[in-house]
Amino acid sequence: MEQQTKAPPEIQKVALFLRSSGAGIKVRVGAMNGKRLDYFKGKSAIKALLSPAYQKAKGVRPISSEEEAKTVLSAVNAFAFFLRVSRGAPSGASSSSPKNLTLIQDQTFAPDEYYAWFYDGSQWTTYAGGILMVVLMLAGVMFPLWPPVLRLGVWYLSMGMLGLVGLFFVIAIIRLIFYIITVVVVSPGIWIFPKLFADVGFVESFIPLWEWDEKKKSKKKAGEKKGKGKEKEKSKGKEKSNNGSSHVSAHIEEVDSGDSGSRRRAPRIEEVQDEDA
């Protein structure tokens, strides 16, 4: 945009800092007119300008309060580095699809509003990546013209990589066969390199060398212990209630009915202490 080129160097550097990964702004992806755009909330931009990373940046305007951060962000917004948008429904059938963004004519900065980026930041990494891809493609096309020493080195390197991949598959197959054999012979089975497929480093993938497959059983045992503990608590509660009720009994006595002169039988309940108690 033309407005971005007219911005003062200080504002351009602030926009460059906010667009970089070091700012720590939580960026989301939205859709506008069929294109994907990154957008963020105003609060996260204010936090970025008040962070220690911004204080270490060179050539930017010093900021020490939230009001100063809002002033600087309003200036960045005025030069169309980012524009205020409203967020709508998802652009696709899924709820996780990018949400539709619509530009708002009232371009003011507010912490609770959303802003879409119309600035891509520094492009030197993009240019460098493009140049590197072109160089690699040319090198691959011109491989027959390489010196014999380089071609031989590339051949050895490719064979070494293929050997490592093949060795990995061989280890995976051997450990599976060994586990199946040990499940039958010495249950619950033994895993060779149990962390081979775990999300750990290369060296940690081969430590320990072997391990018993007891994880599932330990979980089941823990669940059974919890269930038994609950049953014991219930049985203790029932015993307590039975002991409490055993101290009360009732018997029927003949009681005079009063003035009628005739004797009637009427039940009367009395508490009697249990002798065993």
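The values are calculated or read from the model by the stated rules, or taken from the named source; none is laboratory data. All of these numbers come straight from a predicted model, not from anything done at the bench. All Cβ positions, even for glycine, are placed from backbone atoms using ideal geometry, and neighbour counts span all protein chains on display.
What's the number of the condition L101 fails, among (1) closer than 29 Å to G22 by Cβ; (2) at pLDDT 90 or above; (3) in contact with a helix residue (DSSP H, G or I) (Cβ under 9 Å, 6 or more places away or on another chain)? It is condition (3) that L101 fails. Listed by first and then second residue, the pairs with beta-carbon distance under 8 Å, at least 6 apart or on different chains, first residue in segment 179-198 and of a type in the set (S, T, N, Q), second surrounded by 11 or more Cβ atoms within 10 Å (Cβ to Cβ), are T182/G189; T182/I190.
The rows are residues; the columns are (1) modelled with pLDDT under 90; (2) farther than 21 Å from D112 by Cβ; (3) surrounded by 13 or more Cβ atoms within 10 Å (Cβ to Cβ); (4) in contact with a strand residue (DSSP E or B) (Cβ under 8 Å, 6 or more places away or on another chain).
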{"residue": "T5", "(1), (2), (3), (4)": "yes, yes, no, no"}
{"residue": "I11", "(1), (2), (3), (4)": "no, yes, yes, no"}
{"residue": "A23", "(1), (2), (3), (4)": "yes, no, yes, no"}
{"residue": "A31", "(1), (2), (3), (4)": "no, yes, yes, yes"}
{"residue": "G42", "(1), (2), (3), (4)": "no, no, yes, yes"}
{"residue": "P52", "(1), (2), (3), (4)": "no, yes, no, no"}
{"residue": "R61", "(1), (2), (3), (4)": "yes, yes, yes, no"}
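Filtered by the rule that a residue be part of a helix (DSSP H, G or I), among the small types (G, A, S) and farther than 15 Å from L83 by Cβ, segment 1-49 gives S21, G22, A23, S44, A48. Number of residues in segment 110-140 that are surrounded by 11 or more Cβ atoms within 10 Å (Cβ to Cβ) and under 28 Å from the mean Cα position of the chain (by Cα): the value is 7.
Filter segment 191-215 for residues that are in contact with an Asp or Glu (Cβ under 7 Å, 6 or more places away or on another chain) and part of a loop (DSSP other than H, G, I, E, B) and give the result. Let's see the steps before the verdict.
Initial filter on segment 191-215 (in contact with an Asp or Glu (Cβ under 7 Å, 6 or more places away or on another chain)): 191, 194-195.
Hits for segment 191-215 are P194, K195.
Here is the figure for segment 29-80: residues that are hydroxyl-bearing (S, T, Y) and over 24 Å from L101 (Cα atoms) total 5.
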